[in-house]
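Asker: The following block contains the structure, expressed as structure tokens.
The values are calculated or read from the model by the stated rules, or taken from the named source; none is laboratory data. Note that the coordinates shown come from a computational prediction; the quantities given were computed from them, not determined experimentally. All Cβ positions, even for glycine, are placed from backbone atoms using ideal geometry, and neighbour counts span all protein chains on display.
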Amino acid sequence: MSKEREKQPDDGDVDRKVLGERLKEAREYLGFSQDQVATYLGIPRPAISLMETGQRKVEVLELKKLAALYKKSIAYFTGEEEAEISFGSDVKHLARKVSELSPDDREELGKFADFLRTRKKKKEG
């Protein structure tokens with residue numbers, strides 16, 4: 001085997017890195033700490049760090065639990081589904097705050113967002 005081949009990461013390494021990046025992004029987006037996620041999964045906190053850096057394989061059952069916790073599909077994390085549009089820190093901050101609201105309050109907030117969107121269109125049109 002050539003030295004060049006030995007230095008190139010295999011597809012599994014790349015896939016684990018992409019998976020790890022998406023897991024970290026989803027965790028941070030929802031405002032969870034690595035400790036909270038580790039407790040939820042029943043694994044040590046360093047295991048979360050290793051998953052997020054692609055240094056540890058994620059077991060299927062762990063991925064299923066993480067997808068449920070992060071409210072994303074498994075396909076999103078495995079790259080079968082395209083990543084969502086990246087939002088700025090202000091939108092991410094709002095999303096974290098909204099995640100703490102009751103379902104009724106979120107519905108009301110959605111109505112308010114619709115009102116603001118309609119108002120903006122009337123001003124522009």
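Asker: Considering each of Gly88, Gly42 in turn, give the residue that is out of contact with any Pro (no Cβ under 7 Å at 6 or more places or on another chain) and on the phi > 0 side of the Ramachandran plot.
Answerer: None of the others qualify; the one that does is Gly42.
Asker: Can I ask one more? May I ask you to verify whether Leu50 is surrounded by 13 or more Cβ atoms within 10 Å (Cβ to Cβ) and in contact with a Lys or Arg (Cβ under 6 Å, 6 or more places away or on another chain)?
Answerer: Spelling it out, Leu50 is indeed surrounded by 13 or more Cβ atoms within 10 Å (Cβ to Cβ) and in contact with a Lys or Arg (Cβ under 6 Å, 6 or more places away or on another chain).
Asker: Go through (1) closer than 26 Å to Asp13 by Cβ; (2) surrounded by 12 or more Cβ atoms within 10 Å (Cβ to Cβ); (3) not aliphatic (A, V, I, L, M) one by one and return the number of the condition Lys92 breaks.
Answerer: (1)
Asker: Report yes if some residue within segment 1-21 is of a type in the set (Lys, Arg) and modelled with pLDDT of 95 or more; otherwise report no.
Answerer: no
Asker: Read through the list (1) within 17 Å of Ser99 (Cα to Cα); (2) at pLDDT below 95, then give the number of the only condition that Gly79 fails.
Answerer: (1)
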